Amino acid sequence: MTILPQTDIDPLRMTVNGPVLSPADAGFDDARRPWNLAVEQDVLAVVEAKDAEDVARLLRFAGPRGIPVATQPSGHGATGRTAGAILLRTRRLDTIAIDPVARTAKIGAGVLSGDLQRAAAVHGLTALPGSSPVVTVTGAALGGGLSWFGRSFGWIADSILAAEIVTADGVARRLTAESEPDLFWSLRGGGGDLAVVTALELRLHPAPQVFGGRQLWPAADALQVAEAFRSITRTAPEALTLWLELLSFPGADPMIAIDSTYLGDTATARALMEETDRLSAPLSDTRAQISPAELGAITAEPTAPGPGCSRAELLTGLDDAALAALLDEPISPLMTLQVRHLGGALARPSDSPHGPLSEPYGVYMFGVPATAALAAAITRKQAALAHALPTSGRTPLSLLDPTKQLSDALPEASMQRLRRLKALHDPDGIIRGNFGILD
């Protein structure tokens, strides 16, 4: 591990108000670990910013010394590309201010999705949450961001109204589409490689009623469940979102589930999904009217860090051959395989680096690499499934695995524009995102 000289550590500690941990300090290893414990992060030091001014101080310290700064509020999405960098944690920037009349929220960069949902739900509003309540909203938005309500309202990034950032020179700025359109565009799904975001202003959306939950069946019913999922999603209104889940947990029989949310009343939701009522009785059905703050309970993803090996692909369709590829063999050694219904507002024009998401479905494959042999087997299974499915060759940025590059998510025209912006705003490469523009 590279060591930051004491002649730099001491001045760094005097520069920022938040904690600074070096490899010689107790707690350093815990502080530098990402959410995915299968990813190793070699960093010079970890800085916990106390506020936005701490971020500016750090960049003014690091820039003249040529030391990169890698920002991770919670460590989600880490790729391990941090060697020689100072790791900046912004999770202490956790303020939330809701304007229920304007339907907006101003949040610090460290605010978790579940915390924003709880604050917005009090007013009958919702942000655009994904499956996990412990992902930071800013991190998701910088990657474009897929959510339960993306079919109704588009990318998470489409709801960004303004951003407070610090550029590589240590200068704090507030961006809007009118004040600095190019840099503002880059933050709405272009990754975190151009500036450090300290706060976002977001559009919230009305959610007076939300229906959602999970229907779970044994694997013996997999084909019928998958066909029902496909049938319902062909005509589903934008307010209805379904995710098909193949589950293979250690010590349990394989199962299949349909997770769903509907922005509306129970009767309408059940009518739209009545095809599932004609299937065999499910093992469980948790669907009910819920608060927008309870969406994280649908998939019940882990809320503590752990090792993982994932791969995501966008699908051009879900025909019989695709269903056969998904169902004819057990998904083991994968633990979960999720097929998300996309489309709706996600497919409409978006002034963001990714642009419209034309593919109607996406697949996300996940396994736990408990051993090196198991990690290799998981990777082979993911590759085999990707080869057998009708993939488009693109992956949403927020679902990229550490082996990929930014160009695997974004169109070439967007990459060229981002490269020009990187040369203009950070020519020395001081800001380092999980996926670098110039990698």
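Couple of notes before you dig in:
- In the stretch 382-409, the residues that are not assigned by TED's automatic domain parsing to the domain that holds Leu337 reach residues that are part of a loop (DSSP other than H, G, I, E, B) and of a type in the set (Asp, Glu) with C-beta atoms within less than 6 angstrom, at least six apart or across chains, in these pairs: Gln405/Asp439.
- The stretch 184-213: number of residues that are among the aromatic types (Phe, Trp, Tyr) and touching a helix residue (DSSP H, G or I) at 6+ places or on another chain (Cβ under 7 Å): 1
- Screening the stretch 1-69 for helices (runs of 4 or more DSSP H) wholly inside it with 1 or more residues that are touching a residue at least 24 places away in the same chain (Cβ under 8 Å), loosely packed, with under 15 Cβ neighbours inside 10 Å and out of contact with any Gly (no Cβ under 8 Å at 6 or more places or on another chain) returns the ranges 6-15, 52-65.
- Count - residues of the stretch 243-259 that are more than 17 Å from Ala281 (Cα to Cα), of a type in the set (Gly, Ala, Ser) and surrounded by 16 or more Cβ atoms within 10 Å (Cβ to Cβ): 1
- Residue ranges of strands (runs of 3 or more DSSP E) in the stretch 128-242 with at least 3 members of a type in the set (A, V, I, L, M, F, W, C), touching a residue at least 12 places away in the same chain (Cβ under 8 Å) and buried (at least 21 other Cβ atoms within 10 Å of the Cβ): 160-166, 196-203, 210-218
- Qualifying residue in the stretch 70-83 (condition: under 28 Å from Leu438 (Cβ atoms), out of contact with any His (no Cβ under 7 Å at 6 or more places or on another chain) and part of a strand (DSSP E or B)): yes
- Qualifying position, being under 30 Å from Thr176 (Cβ atoms) and touching a Leu at 6+ places or on another chain (Cβ under 6 Å), among Pro305, Pro353: Pro353
- Being surrounded by fewer than 18 Cβ atoms within 10 Å (Cβ to Cβ) and either in contact with a helix residue (DSSP H, G or I) (Cβ under 8 Å, 6 or more places away or on another chain) or assigned by TED's automatic domain parsing to the domain that holds Pro390 (or both) holds for only one residue in Ser310, Ser358, Ser352, and it is Ser358.
- Note on the stretch 80-102: residues that are crowded, with 17+ Cβ neighbours inside 10 Å and not hydrophobic (A, V, I, L, M, F, W, C) amount to 6.
- Applying the condition of being within 14 Å of the chain's Cα centre (by Cα) and assigned to a helix (DSSP H, G or I) to the stretch 106-127 and asking which residue is farthest from Arg91 (Cα to Cα) yields Gly114.
- Condition met for Pro282 (touching a residue at least 60 places away in the same chain (Cβ under 8 Å), out of contact with any strand residue (DSSP E or B) (no Cβ under 8 Å at 6 or more places or on another chain) and assigned to a loop (DSSP other than H, G, I, E, B)): no
- Filtering the stretch 317-352 to residues that are of a type in the set (D, E, K, R) and modelled with pLDDT of 95 or more leaves Asp319, Asp320, Asp328, Glu329, Arg340, Arg348.
- Total residues in the stretch 260-279 satisfying the condition of being within 21 Å of Leu326 (Cα to Cα) and touching a residue at least 60 places away in the same chain (Cβ under 8 Å): the figure is 2.
- In the stretch 267-303, of all residues being polar (S, T, N, Q) and over 21 Å from the mean Cα position of the chain (by Cα), the one that is surrounded by the most Cβ atoms within 10 Å (Cβ to Cβ) corresponds to Thr276.
- Leu374 being touching a strand residue (DSSP E or B) at 6+ places or on another chain (Cβ under 8 Å) and hydrophobic (A, V, I, L, M, F, W, C): yes
- Single residue of the stretch 55-93 satisfying the filter (polar (S, T, N, Q) and either in contact with a helix residue (DSSP H, G or I) (Cβ under 9 Å, 6 or more places away or on another chain) or in the same structural domain as Gly139 (by TED's automatic domain parsing) (or both)) that is modelled with the lowest pLDDT: Ser74
- Lone unmet requirement of (1) in a strand (DSSP E or B); (2) under 27 Å from Gly212 (Cα atoms); (3) touching a helix residue (DSSP H, G or I) at 6+ places or on another chain (Cβ under 7 Å) for Ala97: (3)
- When each of Pro5, Pro19 is tested for being out of contact with any Leu (no Cβ under 7 Å at 6 or more places or on another chain) and at pLDDT 95 or above, the lone residue that passes is Pro19.
- Test: residue in the stretch 315-327 that is in contact with a Leu (Cβ under 7 Å, 6 or more places away or on another chain), more than 30 Å from Gln209 (Cα to Cα), exposed (fewer than 14 other Cβ atoms within 10 Å of the Cβ) and not polar (S, T, N, Q): no
- The test for being surrounded by 15 or more Cβ atoms within 10 Å (Cβ to Cβ), in a helix (DSSP H, G or I) and either among the acidic types (Asp, Glu) or not assigned by TED's automatic domain parsing to the domain that holds Ser113 (or both) does not hold for Gly264.
The values are calculated or read from the model by the stated rules, or taken from the named source; none is laboratory data. This is a predicted model, so every value here is computed, not measured. Glycine gets a Cβ as well: all are built from the backbone with ideal geometry, and neighbour counts include every protein chain shown.
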